[in-house]
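Only one structure is covered here, and it is reproduced in the block below.
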């Protein structure tokens, strides 16, 4: 068992107006993103399935299938390789869970470390 105290860890700067805390295991990645209102999440795709849970704020997600506004306490799911982008309608915190290890994020940002 490993305990991670993400609440005490600082957000790592990402793009302007955003920060991230990442946790990687051997097979999974999790990201906690903090975004300022008005920040655009660049359109991208990755092979891992993704569940995005809005912990705070409201976010408009854009895919080839259309647009969806997702708010606090709601989730959206993206299939592997599904192109998607976003626009922060409010200051927002998003918890992303990925079905596999996001090597691209692992290479860019340090992972949280377990307590003890």
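Computed quantities for the displayed model
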{"quantity": "Percentage relative contact order, the chain, counting C-alpha pairs under 8 Å, at least six apart", "calculated": "35 percent"}
{"quantity": "GNM result for the chain, Cα springs below 10 Å: residue of 80, 19, 66 fluctuating most strongly", "calculated": "66"}
{"quantity": "Listed candidates (1) 26, 20, 11; (2) 22, 17, 13; (3) 30, 13, 10 - label of the one calculated as semi-axes √(5λ) of the Cα gyration tensor in Å", "calculated": "(2)"}
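Read-outs: derived from the displayed coordinates by stated rules, not from any lab. Bear in mind that the values here come from a model prediction, so they are computed numbers and not experimental data.
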